[in-house]
1. Just to confirm my understanding: which cysteines in chain B have no other cysteine beta carbon less than 4.7 Å from their beta carbon?
2. When the chain is fully extended, how far beyond the present Cα-Cα distance does A:Arg264 get from A:Asp230, taking 0.36 nm per residue of separation?
3. Under 14 Å from the Cβ of A:Glu299, count the other residues' Cβ atoms, weight Lys and Arg +1, Asp and Glu -1, and hand me the total.
4. Short version: ³J(HN,Hα) in whole Hz for each residue of the stretch A:280-295, in order, from phi by Karplus 6.51 cos²θ - 1.76 cosθ + 1.60 (θ = phi - 60°), x for Gly and Pro, what are they?
5. Going out from 0 in 10 Å bins, what whole percent of all Cα-Cα distances in the stretch A:269-402 drops into each bin?
6. Pick from A:Glu43, A:Glu356, A:Glu190: which residue has the top mean-square fluctuation in a GNM of chain A where Cα pairs under 10 Å get a spring?
7. If you place +1 on the Cβ of every Lys and Arg and -1 on the Cβ of every Asp and Glu, how big does the dipole about the Cα centre of chain A come out, in debye to the nearest 20?
8. Lysines near B:Lys72 by alpha-carbon distance under 27 Å, same-chain residues fewer than 8 away left out - which ones?
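Quick note: the coordinates plus some simple rules give every number you see, no bench work behind them. Note that the structure is predicted; figures quoted are calculated from it, not measured. Here Cβ is always computed from backbone atoms with ideal geometry, including for glycine, and neighbour counts include all displayed protein chains.
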Amino acid sequence: MTALERQLLMGLNGDEAAAYAVKQVNPDVVAAYPITPQTIIVERFSEYVANGLVETEFVSVESEHSALSCCIGAAAAGARAFTATSSQGLALMWEMTYIASALRLPIVMAVANRALSAPINIHNDHSDAMGARDSGWIQIWCENSQEVYDACIEAWRMGEHPDVQLPVMVNLDGFTLSHTLENVMTLPDEEVSEFVGERRFMRVRGHLGEADFRLDPENPITMGPLDLPDFYYEHKLQQVEALKAALRAIPEVDDEYHRVSGRRYGFLHPYRLEDAELALIGLGSTMGTVMHVVDELREEGVRAGALKLRVFRPFPEEALKEAIMGIPAVGILDRAISFGAPGGPLYMEVKTTLYEEEERPILVNYIHGLGGRDTTPDLIRAIYKDLDRARARGGAEEKVIYAGVRG
Amino acid sequence: MSLEKPSWRELPRGAVPYMSSAEYETGDWGVSNPSIDLSRCTRCTLCHFYCPEGAIRMGEDGYPQVDLRYCKGCGVCAEECPVKCIRMVEKT
C-alpha cells in the first residue's frame, strides 16, 4: 500500500485536526485554559483523556499564564507538553513564552489566531502571534486543516531536533480554519508514534557534571537562574544559533514526514510564479483565496502568482529570495499592524531580506482582514489591480495600503 | 570573583549556569555588614532563620557566624535581634 492508501479521510475543522494530531502523538502533559476560538482543541482533547484514548495528564489550569508555566515545568522534567491558546490568552502567556524558548523546551502550542483587545473581538487576525514573533519560538502558519494536522505532528520533531531544542507555535486562523470543516487525510496512530518517536534531550554540563537537559534528582542541573552580565548575552546568542539551526532541521523533518505521509510543505509554497509579473506573499488561510484569484487572473491573461509562507520564524530569507527575485512587483499581505512601524510585520521582513539585492521588486504592503474583516476574492482582485498600477508606474504611490477599510 | 569566561559555544545551553550559584559571591553588593556583640547574644537563632541569604549559620558553640561572602548587608538580622546585639557597620 502506498503512504496515501494507508491514510483515513476524516472531516475535521482546524481545531479538531490539531486535537486529533496531538491525540496520536500522545504527549505526557496537556495544560490549557479555554478561549475562543481555540476551545475546541482542548475540549476534544479532554474527551480523549476522559475516554482513555491517550495516556496524557490533562491539567485544568486557572489561566493561560499557568497553562504555559505548567508546560514549562513538565517539559523541564522531561515530558512532552502541549497547550493551545488564542489572542488574550497568548498575551497573558507573554513572559512565559520567552522563558520556554530560553530554557530550550520543545513545547508545542497551537494558536487559533484571533484579534487582540481592545475593542474586544473574537475573530481572526494575526496580531496575537505577531506579538510573539520575537519570543524565540518557531512559528508555523497553516492554510487549511490538513496543514494544521500535519504541522501538529511535525512540530514535535522540529522542536526536538538535537540542534534546535525550541518550542514551536502552530498558527491557524481563528474561525476561518478553527471552526470550518474540511477533508483531512490522517495517518494511522502507529505511524505517528513511530514518526515522533521518543523525546530527545540535549546534553549539558551542569555544575555537577554532564547530564541530560531535564530535571532529574539523580543528575541534578539548574535551569535559568541568575545569569548576570557575565553569561546572559552568550545564552542569547545560543538561541540565535538554535533558530538558524532550525533552518537546516525543518527541511530534514519535512523530508522524513514526506516519506511517511506523501506530503511536504517546505518553508514556503510558490504558486504560478515562474513567469509572474505580480505576486502576493502572505500567511495562513487568505492564501487559499489568493491562489483562487491567481487562477482567475491567469485565465484573463494577467501574469499573477502567489507565495504562501509557511515558516515565519526562523525567517527563510534565502528561500524567499529564490522564489521572488525577478518578479517586477510584489505585494505583501499583513493581517496585523505593527503600530508606529514602517509597515506590517511580514512586509518589514521581506523588505529587509531584499535590501542587499541589486534588482529589487517594487514592494507594496497590504494590511487586510483585521478583527475578522472578510478578505474576499474581490478584495484580492482589487489588490492585484493596485499592485499592477504600482508596477506600471514604476513604484508604489503609497507603501502601506489598508485594504478593505472604509475610507 | 575570578571567573573563567567561556564562549557561547562552550557555555551549557538551556540557560544552565556555567557554575554553581554558590560561586556568585554576593557579599560585595552591600554597603554594610553586621557586627555581633557575642557577650550579649542569647543564642536564640532568630538571626539565622531571618537571614534571607542564609549567610548566618549557628556555630558548634551555639553562636551565630556571618559568612561575609554572601551577606548583602540588608540589616534584617539587626532589626530582628531581640536583644539588639547586632549592629550594622558601614564598610570602609
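1. Cys with no partner Cβ under 4.7 Å: B:Cys41, B:Cys44, B:Cys51, B:Cys71, B:Cys74, B:Cys81, B:Cys85.
2. Values: separation 34, 0.36 × 34 = 12.24 nm, distance 4.28 nm.
Working it through step by step, the gained length comes to 8.0 nm.
3. Working: positive: A:Arg272, A:Arg298, A:Arg303, A:Arg381; negative: A:Asp295, A:Glu296, A:Glu300.
Here the charged neighbours net out to +1.
4. Ordered by residue, 3J(HN,Hα) equals 10, 10, x, 10, x, 5, 3, 5, x, 5, 4, 5, 4, 5, 4, 4 Hz.
5. 13, 49, 35, 4
6. The residue with the greatest mean-square fluctuation here is A:Glu356.
7. Numbers: 37 positive and 61 negative charges, 155 e Å.
Dipole of chain A, to the nearest 20 debye: 740 debye.
8. Leaving aside lysines fewer than 8 places away in the same chain, those within reach of B:Lys72 are B:Lys5, B:Lys84, B:Lys91.
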